[in-house]
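Participant: Have a look at the structure that comes next, please.
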Amino acid sequence: MDKEQNQYHNEFAALVKITMRDGDATESEKGFLSHLATKLGMSVSEYDGIMANYLSYPLEMIPTNKMKLQNLYTLTQLVCEDDSITGAEQKSWLERMGKGMGFTHQNVSYIADKSIKMMQEGVDLDAFVDGITNINQ
């Protein structure tokens, strides 16, 4: 790994690409990305480099459904803990991330709503995975 690359470099770059690729990222979403980079321990130069070159990073498919749900749990947790992104913006950002992670366009809105609700209820990872897995029951 390059000396200037944090262990979350590629994952963060993918989040930036998903957020920025349509050109409609809000200022609060950009603020959240900045906060997230700080929380992940990224240097300013690494963050600036990713922001300047986000289109050059590939989006890699998450290999298993379990990993996808674990990533969604972590993202939802981070979104719900951060004050720079609130309310409808939380849902919008999670929908965008959900689509980028491979959740179906038909279900992503419902998944985002359910994810936020479960996080607000303080569920753990296992309950979260179960809740999203059995979302239609």
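The values are calculated or read from the model by the stated rules, or taken from the named source; none is laboratory data. It should be emphasised that the depicted structure is a prediction, and the values quoted were computed from it without experimental measurement. In this analysis, Cβ positions are derived from the backbone assuming ideal geometry, glycine residues included, and neighbour counts consider all displayed protein chains. Note: areas computed on protein heavy atoms with side chains; ligands, DNA, RNA excluded. Shrake-Rupley method; radii C 1.70, N 1.55, O 1.52, S 1.80 Å.
Participant: Say whether the condition of being among the hydrophobic types (A, V, I, L, M, F, W, C), over 16 Å from the mean Cα position of the chain (by Cα) and either open to solvent by less than 40 Å² (accessible area, probe 1.4 Å) or at negative phi (or both) is met by at least one residue in the range 45-63. If you could, list the steps in order and put the result at the bottom.
Facilitator: Narrowing the range 45-63 to residues among the hydrophobic types (A, V, I, L, M, F, W, C): 50-52, 55, 59, 61-62.
If we keep only those that are over 16 Å from the mean Cα position of the chain (by Cα) too, we end up with 52, 55.
So of that shortlist, the ones also either open to solvent by less than 40 Å² (accessible area, probe 1.4 Å) or at negative phi (or both) come out as 52, 55.
Yes.
Participant: On to the next question. Tell me whether the range 98-111 contains one or more residues that are closer than 18 Å to residue 25 by Cα and in contact with a Phe, Trp or Tyr (Cβ under 9 Å, 6 or more places away or on another chain).
Facilitator: No: the range 98-111 contains no residue that is closer than 18 Å to residue 25 by Cα and in contact with a Phe, Trp or Tyr (Cβ under 9 Å, 6 or more places away or on another chain).
Participant: Related question: Out of all the residues in the range 11-18, is one or more within 15 Å of the chain's Cα centre (by Cα), open to solvent by 20 Å² or more (accessible area, probe 1.4 Å), in contact (Cβ under 8 Å) with a residue 24 or more places away in the chain and over 16 Å from residue 98 (Cβ atoms)?
Facilitator: For the range 11-18, residues within 15 Å of the chain's Cα centre (by Cα), open to solvent by 20 Å² or more (accessible area, probe 1.4 Å), in contact (Cβ under 8 Å) with a residue 24 or more places away in the chain and over 16 Å from residue 98 (Cβ atoms): absent.
Participant: Of everything in the range 70-86 that's open to solvent by 40 Å² or more (accessible area, probe 1.4 Å) and modelled with pLDDT of 85 or more, which residue is farthest from residue 132 (Cα to Cα)? Reasoning before the result, please.
Facilitator: Here is the first cut: in the range 70-86, the ones open to solvent by 40 Å² or more (accessible area, probe 1.4 Å) are 70-71, 74, 77, 80-81, 83-84, 86.
Checking which are modelled with pLDDT of 85 or more leaves us with 70-71, 74, 77, 80-81.
Working: 70: 11, 71: 12, 74: 14, 77: 14, 80: 17, 81: 20 Å.
Out of the qualifying residues, it is 81.
Participant: For the range 108-132, enumerate the residues that are charged (D, E, K, R) and over 17 Å from the mean Cα position of the chain (by Cα). First the steps, then the outcome.
Facilitator: Initial filter on the range 108-132 (charged (D, E, K, R)): 113-114, 117, 121, 124, 126, 130.
Matches in the range 108-132: 121, 124, 126, 130.
Participant: Which residues, taken from the range 19-44, are within 17 Å of residue 85 (Cβ to Cβ), open to solvent by 70 Å² or more (accessible area, probe 1.4 Å) and in a loop (DSSP other than H, G, I, E, B)?
Facilitator: Within the range 19-44, 22, 24 meet the criteria.
Participant: Give me the pairs, please: first residue somewhere in the range 20-33 and touching a residue at least 40 places away in the same chain (Cβ under 8 Å), second residue anywhere and part of a helix (DSSP H, G or I) and open to solvent by 50 Å² or more (accessible area, probe 1.4 Å), beta-carbon distance under 7 Å, and either six or more positions apart or on two chains.
Facilitator: Here the result reads 26/89; 28/89; 29/89, each pair linking the range 20-33 to a residue that is part of a helix (DSSP H, G or I) and open to solvent by 50 Å² or more (accessible area, probe 1.4 Å).
Conditions tested, residue by residue: (1) under 22 Å from residue 21 (Cα atoms); (2) among the β-branched types (Val, Ile, Thr); (3) in contact (Cβ under 8 Å) with a residue 60 or more places away in the chain.
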{"residue": "64", "(1), (2), (3)": "no, yes, no"}
{"residue": "69", "(1), (2), (3)": "no, no, yes"}
{"residue": "79", "(1), (2), (3)": "yes, yes, no"}
{"residue": "89", "(1), (2), (3)": "yes, no, yes"}
{"residue": "100", "(1), (2), (3)": "yes, no, yes"}
{"residue": "105", "(1), (2), (3)": "yes, no, no"}
{"residue": "108", "(1), (2), (3)": "yes, yes, no"}
{"residue": "115", "(1), (2), (3)": "no, no, no"}
{"residue": "128", "(1), (2), (3)": "no, no, no"}
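Participant: Follow-up. When you go through 132, 111 one by one, which is the residue that is in contact with a Leu (Cβ under 7 Å, 6 or more places away or on another chain) and β-branched (Val, Ile, Thr)? First the steps, then the outcome.
Facilitator: On the way: 111 fails: in contact with a Leu (Cβ under 7 Å, 6 or more places away or on another chain).
Only one candidate qualifies: 132.
Participant: Filter the range 91-117 down to the residues that are of a type outside the set (Val, Ile, Thr), open to solvent by less than 30 Å² (accessible area, probe 1.4 Å) and more than 14 Å from residue 70 (Cβ to Cβ) and list them by number. Let's see the steps before the verdict.
Facilitator: To start, the set of residues in the range 91-117 that are of a type outside the set (Val, Ile, Thr) comprises 91-103, 105-107, 109-110, 112-115, 117.
With open to solvent by less than 30 Å² (accessible area, probe 1.4 Å) added as a condition, the list becomes 93-94, 97-98, 100-101, 103, 112, 115.
Result: 93, 94, 100, 112.
Participant: Among the helices (runs of 4 or more DSSP H) contained in the range 88-137, which hold 2 or more residues that are at pLDDT 95 or above? Spell out the reasoning first.
Facilitator: Numbers: elements: 88-101, 108-120, 125-133.
Of the helices (runs of 4 or more DSSP H) lying wholly inside the range 88-137, those with at least 2 residues that are at pLDDT 95 or above span 108-120, 125-133.
Participant: Among what's in the range 64-87 and is under 16 Å from the mean Cα position of the chain (by Cα) and not in a helix (DSSP H, G or I), pick the residue that is farthest from residue 10 (Cα to Cα).
Facilitator: Within the range 64-87, the first condition is being under 16 Å from the mean Cα position of the chain (by Cα), and the residues that meet it are 65-87.
Filter again for not in a helix (DSSP H, G or I), leaving 82-87.
Numbers: 82: 21, 83: 24, 84: 23, 85: 22, 86: 25, 87: 27 Å.
Looking at residues that are under 16 Å from the mean Cα position of the chain (by Cα) and not in a helix (DSSP H, G or I), I get 87.
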